[in-house]
Amino acid sequence: MYAMWRLQVALCTLSVLLSLSSAGESKARSCSEVRQAYNVQGFSLVNVPHQEISGEHLRVCPQGYTCCTSEMEDKLNQQSKLEFENLVEENSHNMRTTFVSRHKKFDEFFLELLDNSEKSLNSMFTRTYGKLYMQNSEVFQDLFTELKRYYTGGNVNLEEMLNDFWSRLLERMFQLLNSQYHFTDDYLECVSKYTDQLKPFGDVPRKLKAQVTRAFIAARTFVQGLMVGREVANRVAKVNVVPACVRALTKMLYCPYCRGMPGLKPCHNYCHNVMRGCLANQADLDAEWNLFIDAMLLVAARLEGPFNIEAVIEPVDIKISEAIMTMQDNSMQVSAKVFQGCGQPKPSGIGRSARGISDVFSTRFRPYTPEERPTTAAGTSLDRLRVVWRTMQHSVIDIKEKLKESKRFWSNLPDDICAKGKLAESDEEQCWNSHTKGRYFPEVVKEGLTNQVNNPEVDVDITRPDTLIRQQIMALRVMTNKLKNAYNGNDIYFQDSSDEGSSSGSGSGCSDGCTTEFVFVGTEAPVIGADRSDERAAAAAAGKSLSRGPSLMLVIVALTLPLWAMKTQWR
């Protein structure tokens, strides 16, 4: 019996010794793979253990035997934050680039169209009407100046500006047609009051004004929408990484290092929970972003328009001829009614023939033939504008596709980042589950801030929304409202103050206490240009509305209205 007892003791002792030996071997597991991977990250190997050490010092990673020191964990924390910022930047790069490049292209197109039109008309009418045109050219120069100022973000009421243009034009032509009289400024002001009543130019001013306002409202609003999308995307892509997110990222991305498995990727669902926690505020932007994209698509459809540029330009000469002939045919009746209402003017003592007016108005105006159409100083004909327009049509189709692709971008961002095979492991059994290699069992939480209350991986304070994100939501809301008004042809800067829409569109999107840089001021919207980089100005610029066939209407404004007006005056 005693011998048997001694044998059992010996066996137990041997078992203990074998266990201790096995534990010693576990403690002594090599960290060579970790050292290599850590070095690849660009970190120094000084103080990096060659074999596993006890991990009581770790604050984020599991505290068993580890290949990480406190200094390593701190550096991996910083690396996790940097990698996350880069991931968001990279995954949003294409979408952000779309807004940058398309904004630049559209802006350059419309400005080129205006510049070419102004140069072309100035050159043509200087040759055609000579001194007479040059003496009155400021009327048309002012028109182009105001159109450009409106498009580039100025506080211009298009309708009032165009009404003023027609009034000035009537005053000039009335004097030319009645050059035997002397007119005081007060008398001419009286004449301008009869513009709407007498309709000296027929119905052309009303029709062209509708086309002009709709064209420029469309152009300005769409380009500003592209700019706002660009600015919002750029700001939101620069994520604010809170400490709780950094901890979760480190645990997911680099705690496998500390456990001696540096090549192990996180489980797919695990990655989703971490990213949805870290990008909860970005996901809350998604609803307003989608409404903004829908509104942009509506305006883009208007920009495509049911007509091509030829269909708009070809009838222009007929309209011009109609308007000028109407003014000529009705000049006596118009003058008689003005004299009746404003009084008989005093003779000037200078006959019409002395001024050469009879030479100017002796024959009816005839439309240009295609060969006689105005050309720019550089010799570029309207064919150049047609080429630009066709290019623009392709650009509109392109931007529509890009806009559609950007819908639900922010709520889908965690999915894009955690794509299997890239950041996350496709094998659900051979992945890092936050503790070791194996399946990840917790359910994936839904996107958005309020849904993170039960996130098992990221401790998200759902009571404190990100201020910057809320500001971008407000910026999108304001721009979407402008786009919807633009779609209906309304310029909400100048709606009646009693109109509900005016309060939402004419002022800022925030209260006085709002610190956002995306305040949309309705009185002095800044200039928008392809190379304008001031972020506050860029963010504040969203501003007008659109209507039917905008780009085509813009061509009318740039080419037709001044052409019609000039010929009306000089004919």
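The values are calculated or read from the model by the stated rules, or taken from the named source; none is laboratory data. This is a predicted model, so every value here is computed, not measured. We place every Cβ from the backbone using ideal geometry, glycine too, and count neighbours over all the protein chains shown. Accessible surface areas use protein heavy atoms only, side chains included; no ligands, DNA or RNA. Shrake-Rupley method; radii C 1.70, N 1.55, O 1.52, S 1.80 Å.
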From the list Lys105, Lys148, which residue is modelled with pLDDT of 85 or more, surrounded by 16 or more Cβ atoms within 10 Å (Cβ to Cβ) and under 31 Å from the mean Cα position of the chain (by Cα)?
-> Lys148
List the pairs whose first member sits in the range 271-288 and is over 17 Å from Ser426 (Cα atoms), whose second member is in a helix (DSSP H, G or I) and among the charged types (D, E, K, R), and whose Cβ atoms are under 8 Å apart, counting only residues at least 6 apart or on separate chains?
-> Ala283/Arg276; Glu288/Arg477
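A quick yes/no check of all residues on (1) closer than 30 Å to Glu83 by Cβ; (2) in contact (Cβ under 8 Å) with a residue 12 or more places away in the chain; (3) open to solvent by 30 Å² or more (accessible area, probe 1.4 Å); (4) not basic (Lys, Arg):
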| residue | (1), (2), (3), (4) |
| --- | --- |
| Gln180 | no, yes, yes, yes |
| Lys207 | no, yes, yes, no |
| Gln211 | no, yes, yes, yes |
| Leu226 | no, yes, no, yes |
| Val232 | yes, yes, no, yes |
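Yes/no per residue for (1) modelled with pLDDT of 85 or more; (2) farther than 30 Å from Arg302 by Cα; (3) aromatic (Phe, Trp, Tyr); (4) assigned to a helix (DSSP H, G or I):
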residue	(1), (2), (3), (4)
Leu162	no, no, no, yes
Leu176	no, yes, no, yes
Leu188	yes, yes, no, yes
Lys207	no, no, no, yes
Ala210	no, no, no, yes
Thr213	no, no, no, yes
Phe216	no, no, yes, yes
Thr221	yes, no, no, yes
Leu226	yes, no, no, yes
Just checking, which of Met325, Met332 is in contact with a Lys or Arg (Cβ under 9 Å, 6 or more places away or on another chain), modelled with pLDDT of 55 or more, within 30 Å of Tyr187 (Cβ to Cβ) and open to solvent by 30 Å² or more (accessible area, probe 1.4 Å)?
-> Met325
What number of residues within the range 258-291 satisfy the criterion of being open to solvent by less than 20 Å² (accessible area, probe 1.4 Å) and either outside any helix (DSSP H, G or I) or of a type in the set (Phe, Trp, Tyr) (or both)?
-> 6
Reported set for the range 190-205 where residues are modelled with pLDDT of 85 or more, surrounded by 20 or more Cβ atoms within 10 Å (Cβ to Cβ) and assigned to a helix (DSSP H, G or I) is Val191
Considering only the range 423-463, state which residues are in a loop (DSSP other than H, G, I, E, B), touching an Asp or Glu at 6+ places or on another chain (Cβ under 9 Å) and open to solvent by 30 Å² or more (accessible area, probe 1.4 Å).
-> Arg439, Pro442, Glu447, Pro456
Would you check if there is a residue in the range 49-58 being at pLDDT 90 or above, within 28 Å of Lys238 (Cβ to Cβ) and either touching a Phe, Trp or Tyr at 6+ places or on another chain (Cβ under 9 Å) or of a type in the set (Val, Ile, Thr) (or both)?
-> no
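Is it the case that the range 35-56 has a residue that's within 30 Å of Gln282 (Cα to Cα) and crowded, with 17+ Cβ neighbours inside 10 Å? Steps first, answer last, please.
Taking the range 35-56 as the starting set, the residues that turn out to be within 30 Å of Gln282 (Cα to Cα) are 41.
Those still in the list that are crowded, with 17+ Cβ neighbours inside 10 Å too: none.
No, the range 35-56 contains no residue that is within 30 Å of Gln282 (Cα to Cα) and crowded, with 17+ Cβ neighbours inside 10 Å.
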Please indicate, with yes or no, whether at least one residue in the range 150-158 is in a helix (DSSP H, G or I), more than 20 Å from Ser335 (Cα to Cα) and of a type outside the set (Ser, Thr, Tyr).
-> yes
Is the range 73-81 home to any residue that is open to solvent by 20 Å² or more (accessible area, probe 1.4 Å) and farther than 30 Å from Asp415 by Cα?
-> no
Return yes when Val241 is out of contact with any strand residue (DSSP E or B) (no Cβ under 8 Å at 6 or more places or on another chain), of a type in the set (A, V, I, L, M, F, W, C) and either open to solvent by less than 30 Å² (accessible area, probe 1.4 Å) or under 29 Å from Ala486 (Cβ atoms) (or both) and no when it is not.
-> yes
Has the range 9-28 got at least one residue that is within 45 Å of the chain's Cα centre (by Cα), at pLDDT below 90 and over 22 Å from Lys251 (Cβ atoms)?
-> no
Among the residues of the range 82-101, write down those that are among the charged types (D, E, K, R) and open to solvent by less than 80 Å² (accessible area, probe 1.4 Å).
-> Glu83, Glu85, Glu89, Arg96
Report whether or not Ala295 is of a type in the set (Gly, Ala, Ser) and open to solvent by 40 Å² or more (accessible area, probe 1.4 Å).
-> no
Checked pairs for the range 241-257, first in a helix (DSSP H, G or I), second of a type in the set (D, E, K, R), C-beta under 6 Å and 6 or more apart or across chains, list as Ala244/Asp459; Val246/Lys81; Ala248/Glu457
Looking at this structure, is Arg168 open to solvent by 10 Å² or more (accessible area, probe 1.4 Å) and either over 23 Å from Phe110 (Cβ atoms) or of a type in the set (Gly, Ala, Ser) (or both)?
-> yes
